[in-house]
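The values are calculated or read from the model by the stated rules, or taken from the named source; none is laboratory data. Since we're looking at a predicted model, the values are computed, not measured. Cβ atoms come from the backbone with ideal geometry, glycine included; neighbour counts cover every protein chain shown. Protein only, heavy atoms only, side chains kept; ligands, DNA and RNA dropped before computing areas. Shrake-Rupley method; radii C 1.70, N 1.55, O 1.52, S 1.80 Å.
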Amino acid sequence: MGENLDTLLSELTELNENIYNSAKQLKTAIEAGNNTVHITGELFRAFHTIKGLGGMSGFGTLAKFSHSVENLLDRIRKAEHPCTMETVNLLILSTEIIDIFIDSIRAIGTDAVENTVLDSFHRQLSRELETAAQTRIDTAELDFLSPQLIRQLNEMELARLKENVRTRQNVYFLDVSFPFESFDTGLRKIQDGINRDGEIIATLPGEDTATETHITFKLLLASPMSPEEIRALAPRTAVLTRIHEGRPEKSIVTGATEEGPGQPATLPAAPLTPATGGRTVKVELKELDLLLQDMEEMALVKNRIAAILDPLGGSDKIGHTIQQAKFQMEMLDRRIASFQKRIIHYRMVPLASIFRRLESATIRTAGQLGKKVKLSFDGGNTRVDKQITDMLVEPLIHLLRNAADHGIETQKARKQAGKPETGSIKLSAYQQGSSVFIEIYDDGQGINPHTILEKARALGMAEEKQDYSDNEIFDFIFRPGFSTSENVSDISGRGVGMDVVKTELSKLGGTIRIRTRVGEGTHFYIQIPVTQAILPVFFIRSGETVLGLPSLFVEAIHPYEAARCTYVRECLYYRLNGEASRAIHLPRLLKVDDLDTEIGIVVQIRHFDRVFAFLVEDVIEEKEVTITPLTGKLSQLPLFSAICNFSANSVGYILDVPELISLLRGSHEPA
């Protein structure tokens with residue numbers, strides 16, 4: 001099937017993305033009380049297409065699943081079912097299941113999905129249909145239309161009219177007349193304008209008979225737009241009559257436009273998929289990785305040539321030639337750096353690309369727990385290396401599931417606490433320098449440090465008589481085997497999840513911190529690098545060893561002053577900016593110090609809101625390097641996260657700053 005299968009998977013993936021985007025538009029329309037008919041129509045067509053693709057390609061399970069969602073959307077189109085937030089949740093969940101279908105087809109060539117996954121979705125679908133059938137508002141009588149006009153409307157048009165009346169939309173007749181040669185473009189202009197915020201329910205013959213030059217129509221439409229805005233879409237001879245009054249009109253006029261004062265502002269219809277200029281080609285991430293490796297090899301060759309040329313010189317012709325060669329080497333260095341940055345740019349994707357998976361996982365968890373949860377995102381345009389977003393999905397899903405499970409209370413508990421029944425979870429992100437900061441907040445019950453400490457002591461993770469700070473207590477949450485759930489379920493209680501979060505973030509060179517208030521909610525703060533491919537690094541020297549400190553943690557560099565050092569309970573402190581900060585003597589920690597070791601520099605490290613002092617012998621330079629994460633047996637090296645080529649003849653080891661800081665917090669540093 002080869003090429004045909006790749007084409008099918010590409011089409012399914014694109015359709016699935018469109019479904020998610022339309023579901024988000026549907027959510028916005030429902031919250032604003034706007035007409036949803038066009039969005040549900042797009043969704044219906046998307047699922048109908050997936051059903052057809054599945055059937056033609058022999059993937060019957062996929063076709064059957066798509067058909068079940070298509071039926072729901074068809075009922076909504078016919079006003080036999082209300083369009084609610086539960087509908088949106090089901091649509092988002094369906095995108096996750098379609099992802100599973102796609103992965104299965106790609107991996108083993110069949111649409112094999114676990115029955116438990118499909119059964120769970122169909123149970124939720126059935127509950128929605130049953131609940132909606134019980135709570136659906138009776139459609140209003142169409143007594144404002146004559147029986148003769150009602151007979152002219154088909155079943156679908158009657159259903160759409162009743163739905164608009166039920167949702168309190170204003171209903172109009174618009175009588176228009178067009179020349180024969182331009183009636184199609186005239187009707188299209190009106191349709192496009194009304195469809196921005198409303199719908200044309202039926203196009204009926206005009207009451208006036210057609211002349212030799214003109215044809216007339218009576219348009220039955222529903223819209224919250226003002227009469228002035230609707231008239232502006234039609235010829236001046238058009239007659240607008242309101243036949244049913246709903247909610248007050250809303251105006252989309254924002255001021256004078258190029259068409260003149262009082263004319264409606266032109267709002268372009270948002271395309272279902274973003275338009276792209278020019279031709280594009282898809283490239284796998286591994287191909288970009290190979291390009292980066294090639295550029296790194298070129299940089300090494302350039303450095304070796306430079307090392308050969310450095311000792312040479314003179315004022316003769318050969319010396320002049322060598323100077324010219326060095327100048328060209330500098331030009332080559334700049335071109336290599338430019339090319340590397342361009343490759344990194346191609347690897348960057350918006351964080352919004354993973355929001356769909358995060359949202360569907362959160363909705364599913366909330367549904368299993370019987371909780372009402374509203375999830376919102378901010379900062380989706382923040383761009384991160386594709387490799388990082390792929391590795392970020394699992395830890396973020398764990399955190400969102402944890403917020404829904406342990407953070408958000410039951411509806412009864414929230415009501416007793418004076419909170420809205422629907423809990424709120426928000427994920428926001430922004431870039432600062434070479435770092436991306438992600439915050440996950442829930443307005444739930446918060447985390448009680450006393451409860452965490454008691455559980456840690458019960459599990460043997462904490463000493464009975466030792467005092468712990470809140471930060472040290474919250475660190476227990478990320479220990480393997482820690483869980484506050486008394487019962488084991490599909491969601492929690494097995495002691496796995498939060499330790500995975502910290503492990504995966506550490507692999508990315510990231511860190512996580514918790515802030516919480518009992519009864520008010522919890523914040524999880526995450527800091528990760530924008531990319532792992534090229535990292536700005538401060539290189540330091542300890543003995544003969546070259547070490548790298550990621551620049552994203554370095555706040556300042558100071559000359560070392562021995563008088564600022566002090567020990568408190570065998571822990572080393574260094575006074576920075578008038579305050580004593582925990583310090584680490586790197587040569588001593590790494591066991592590379594001897595009688596000749598002399599500390600000369602203090603590197604001021606910031607980890608979220610805390611400052612630490614790293615005592616080193618010397619800082620060599622700061623530069624951007626291509627790093628290679630440690631794998632295999634090398635990954636077992638403590639305190640290191642990656643290696644890089646420092647120069648043509650030496651390798652630099654990238655220090656794991658979060659791990660070093662955890663040593664300080666645990667007081668494991670030798671005195």
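Here are a few things to note about the model shown:
- The single condition from (1) at pLDDT below 85; (2) closer than 29 Å to LEU26 by Cα; (3) of a type in the set (Gly, Ala, Ser); (4) in a helix (DSSP H, G or I) that SER251 fails is (4).
- Qualifying residues in the range 176-208 (those that are among the hydroxyl-bearing types (Ser, Thr, Tyr) and either in contact (Cβ under 8 Å) with a residue 12 or more places away in the chain or in contact with a strand residue (DSSP E or B) (Cβ under 8 Å, 6 or more places away or on another chain) (or both)) - the one surrounded by the most Cβ atoms within 10 Å (Cβ to Cβ): SER177
- Matching residues, the range 185-199, being more than 36 Å from the chain's Cα centre (by Cα) and among the hydrophobic types (A, V, I, L, M, F, W, C): LEU187, ILE190
- Matching residues in the range 495-526 - criterion: being assigned to a loop (DSSP other than H, G, I, E, B) and either of a type in the set (D, E, K, R) or free of Cβ contacts under 8 Å to residues at least 24 places away in the same chain (or both): GLY495, VAL496, GLU520
- Of all the listed residues (ASN402, ASN381), the sole one being open to solvent by 60 Å² or more (accessible area, probe 1.4 Å), among the polar types (S, T, N, Q) and touching a helix residue (DSSP H, G or I) at 6+ places or on another chain (Cβ under 8 Å) is ASN381.
- Selection within the range 49-60 - surrounded by 16 or more Cβ atoms within 10 Å (Cβ to Cβ) and either over 26 Å from the mean Cα position of the chain (by Cα) or not assigned by TED's automatic domain parsing to the domain that holds ILE105 (or both): THR49, LYS51, LEU53, GLY54, SER57, PHE59
- Filtering LYS372, LYS386 for residues that are more than 13 Å from THR362 (Cα to Cα) and not β-branched (Val, Ile, Thr) leaves a single hit, LYS386.
- Within the range 597-613, residues that are under 17 Å from TYR573 (Cβ atoms) and in the same structural domain as LEU660 (by TED's automatic domain parsing) have Cβ atoms under 7 Å from residues that are modelled with pLDDT under 80 and not β-branched (Val, Ile, Thr) in these pairs: PHE612/LEU664, counting only partners at least 6 apart in sequence or on another chain.
- In the range 1-57, the residues that are of a type in the set (Gly, Ala, Ser) and in contact (Cβ under 8 Å) with a residue 40 or more places away in the chain: SER22, ALA23, GLY33, GLY54, SER57
- If you filter the range 61-87 down to residues that are of a type outside the set (A, V, I, L, M) and within 17 Å of GLU157 (Cβ to Cβ), you find that the one that is surrounded by the most Cβ atoms within 10 Å (Cβ to Cβ) is ARG77.
- Each residue in the range 209-242 was checked for being without any contact (Cβ under 8 Å) to a residue 60 or more places away in the chain, open to solvent by less than 20 Å² (accessible area, probe 1.4 Å) and not in a loop (DSSP other than H, G, I, E, B), and 5 pass.
- Every residue from the range 537-555 that is open to solvent by less than 30 Å² (accessible area, probe 1.4 Å) and in contact with a Lys or Arg (Cβ under 9 Å, 6 or more places away or on another chain): VAL537, PHE539, LEU547, PHE553, VAL554
- Residues that are surrounded by 15 or more Cβ atoms within 10 Å (Cβ to Cβ) and over 15 Å from the mean Cα position of the chain (by Cα) within the range 340-362 comprise GLN340, ILE343, ILE344, ARG347, listed in sequence order.
- If you go through the range 162-184 and keep only what is more than 40 Å from the chain's Cα centre (by Cα) and either of a type in the set (D, E, K, R) or at pLDDT below 85 (or both), you end up with ASP175, PHE180, GLU181, SER182, PHE183, ASP184.
- Scanning the range 373-393 for residues that are in contact with an Asp or Glu (Cβ under 7 Å, 6 or more places away or on another chain) and at pLDDT below 90 yields a count of 1.
- Complete set of residues in the range 396-418 that are over 19 Å from THR516 (Cα atoms) and under 21 Å from the mean Cα position of the chain (by Cα): ILE397
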